[in-house]
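One structure below.
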Amino acid sequence: MKHIQLSFDKTLDFISAEKIAGYENEVKAANEALHNGTGKGNDFLGWLNLPSSIDEAHFRDVENTAKVLRENCEVVVVIGIGGSYLGAKAVIDALSNSFDWLQKERKNPVVLYAGQNIGEDYLYELQELLKNKKFGIISISKSGTTTEPALAFRLLKTQLEEQQGKDAAKKLIVCVTDKSKGALRTLADKEGLKSFVLEDSVGGRYSVLTPVGLLPIAVAGFDIRQLVQGAREMEKICGLETSFDENPAAQYAAVRNELYKNGKKIEILVNYHPKLHYISEWWKQLYGESEGKENKGIYPASVDFTTDLHSMGQWIQEGERTIFETVISIKEPNHTKIFPHSEENLDGLNFLAGKRVDEVNKMAELGTMIAHVDGGVPNLKIELPKLNEFYLGELIYFFEKACGISGYLLGVNPFDQPGVEAYKKNMFALLEKPGFEEETKAIKARL
């Protein structure tokens, strides 16, 4: 069976193979700390063996719930922020037709998102779109009180009840939340809403393979069993028994940390496939929240090539040499498109006639990689044989496992996010939330 492949030969002009190999014991210790639960944040390791722990009953529960929403909804709105929506959107966008939203004949509902911002115009326009439409809600929040999703949920739940009636609306609302506590759990139990548990041991950015991601992905019509199977394969490949030379997550963690020690402070995730844009957005949250603490951490950025070669390409080629790139490449596209011959040849492109468009894209990928390495930018490459559920499952688990190892190499807790709370305290003080009276007084004095 083919698997995703990591190569880092185009970093070896900048760091030595011996230095990378020297991480073997340190990486082994980090991997053991994850599996033995002896490292920082060890109460948030529920994702580690998650793929192999999902049973048939759980698959059926998620699939049956998705079926109810698919059969009764034109639109399903996923309400969540950060990891509560990014993983689902990443997978759905990667697997969907690029112009799916324009299709008049549909087998599955359109999946839209709310609670990921506080844009009044966005919410107004969303609610206008949903008027006179059959829609459902998947509300994702451990607490049920996070401002952005809680605000969106109250608006949309009210609208759904007004349009469908309270009893009918109950069948079209699904909650993914804490097992026993929090506002959303209380509401789900009180009103008899269908719910799934997001275990305390799984943080939001590691939750794609829980109902947080699986339910929306199933609603969109994609094969969650294959997604999980890919993750299961990568769970084995990146396990404790695998040697450093055969463990891509271990190698990725080692290479990026060695580059960081050598002044490469920014990692740019590159794709040459527009469907992968939100994979990058999910990856940025995963690594940004996991590693960016104690005044340490590689800054995660991303670009969509070849589009951004005509904007960010100049900076990457000749800007400050504090960057490295990790390229996600798709070996074989799902469709074939041959470039045609032209008698006039006004554009001068007849030399491409008869070639697949993907061959042109691949030469742009290779040519850019060579140019950037020549310009002082180390490059890693992650190749997926195809863009499908199985290999996305592999990719997701690969990045999660590498992130845990990399955080331990960096010496931080990769499973908390204390810095996220700073803006919330200020926002609540400015909004004069009850209980924040002293903070309100202090911040107003500053202003």
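The values are calculated or read from the model by the stated rules, or taken from the named source; none is laboratory data. Given the structure is predicted, the values throughout are model-derived calculations rather than measurements. Every residue, glycine among them, receives a Cβ derived from its backbone with ideal geometry; neighbour counts consider all protein chains shown. For the accessible areas, the whole protein counts, side chains as well, though only heavy atoms, and no ligand, DNA or RNA atoms are used. Shrake-Rupley method; radii C 1.70, N 1.55, O 1.52, S 1.80 Å.
Count, please, the residues in the stretch 246-259 that happen to be open to solvent by 10 Å² or more (accessible area, probe 1.4 Å) and over 13 Å from residue 22 (Cβ atoms).
Counting residues in the stretch 246-259 that are open to solvent by 10 Å² or more (accessible area, probe 1.4 Å) and over 13 Å from residue 22 (Cβ atoms) gives 2.
Considering only residues that are acidic (Asp, Glu), farther than 24 Å from residue 376 by Cβ and surrounded by 21 or more Cβ atoms within 10 Å (Cβ to Cβ), which ones fall in the stretch 260-317?
The initial filter retains those residues of the stretch 260-317 that are acidic (Asp, Glu), namely 267, 281, 289, 291, 294, 304, 308.
The next check asks that each one be farther than 24 Å from residue 376 by Cβ; those that pass are 281, 289, 294.
Within the stretch 260-317, just 289 meets the criteria.
Sort out which residues of the stretch 72-86 are among the hydrophobic types (A, V, I, L, M, F, W, C) and over 13 Å from residue 174 (Cβ atoms), and write them in order of number. First the steps, then the outcome.
Taking the stretch 72-86 as the starting set, the residues that turn out to be among the hydrophobic types (A, V, I, L, M, F, W, C) are 73, 75-79, 81, 86.
Listed by number, the residues that qualify are 75, 81, 86.
Mind listing whichever residues of the stretch 200-225 are open to solvent by 30 Å² or more (accessible area, probe 1.4 Å), closer than 18 Å to residue 61 by Cβ and either polar (S, T, N, Q) or under 17 Å from the mean Cα position of the chain (by Cα) (or both)?
Passing the criteria: only 222.
Among residues belonging to the stretch 374-390 that are open to solvent by 20 Å² or more (accessible area, probe 1.4 Å) and assigned to a strand (DSSP E or B), point out the one that is farthest from residue 225 (Cα to Cα).
In this case the residue turns out to be 381.
How about the stretch 402-427: which of its residues are in contact (Cβ under 8 Å) with a residue 12 or more places away in the chain and either more than 20 Å from the chain's Cα centre (by Cα) or surrounded by fewer than 14 Cβ atoms within 10 Å (Cβ to Cβ) (or both)?
408, 409, 410, 411, 412, 418, 419, 420, 424, 425, 426, 427, listed by residue number.
Residues that are among the aromatic types (Phe, Trp, Tyr), out of contact with any Ser or Thr (no Cβ under 6 Å at 6 or more places or on another chain) and within 22 Å of residue 214 (Cα to Cα): does the stretch 110-124 have at least one?
Yes.
Before we move on, is residue 19 in contact (Cβ under 8 Å) with a residue 40 or more places away in the chain, of a type in the set (D, E, K, R) and on the phi < 0 side of the Ramachandran plot?
Taking the combined requirement at face value, the residue satisfies it.
Identify the residue in the stretch 13-47 that is over 16 Å from residue 406 (Cα atoms) and assigned to a helix (DSSP H, G or I) and, among all such residues, is least open to solvent (accessible area, probe 1.4 Å).
Of everything passing the filter in the stretch 13-47, 17 is least open to solvent (accessible area, probe 1.4 Å).
Considering (1) within 22 Å of residue 396 (Cβ to Cβ); (2) at pLDDT below 95, say which one residue 145 fails and leave the rest.
(1)
Got a sec? Which of 358, 374, 347 is closer than 30 Å to residue 264 by Cα and acidic (Asp, Glu)?
374
In the stretch 156-213, which residues are more than 30 Å from residue 404 (Cα to Cα) and among the charged types (D, E, K, R)?
Within the stretch 156-213, 157, 161, 162, 166, 167, 170, 171, 189, 190, 191, 194 qualify.
Looking only at the stretch 428-441, how many residues end up being at pLDDT 80 or above and either open to solvent by less than 50 Å² (accessible area, probe 1.4 Å) or at positive phi (or both)?
5
Residues that are part of a helix (DSSP H, G or I) and farther than 26 Å from residue 213 by Cα: does the stretch 288-308 have at least one?
yes
So which of 69, 112 ends up being touching a residue at least 12 places away in the same chain (Cβ under 8 Å), aliphatic (A, V, I, L, M), within 17 Å of residue 172 (Cα to Cα) and in a helix (DSSP H, G or I)?
Selected residue: 69, the only one of 69, 112 that is touching a residue at least 12 places away in the same chain (Cβ under 8 Å), aliphatic (A, V, I, L, M), within 17 Å of residue 172 (Cα to Cα) and in a helix (DSSP H, G or I).
Report, by residue number, each residue of the stretch 115-141 that is touching a residue at least 60 places away in the same chain (Cβ under 8 Å) and open to solvent by less than 90 Å² (accessible area, probe 1.4 Å).
Initially, the stretch 115-141 is screened for residues touching a residue at least 60 places away in the same chain (Cβ under 8 Å), giving 134-141.
Hits for the stretch 115-141 are 135, 136, 137, 138, 139, 140, 141.
Return the residue satisfying two criteria in turn: it lies in the stretch 77-105 and is part of a loop (DSSP other than H, G, I, E, B) and in contact (Cβ under 8 Å) with a residue 12 or more places away in the chain, and of such residues it is least open to solvent (accessible area, probe 1.4 Å).
80
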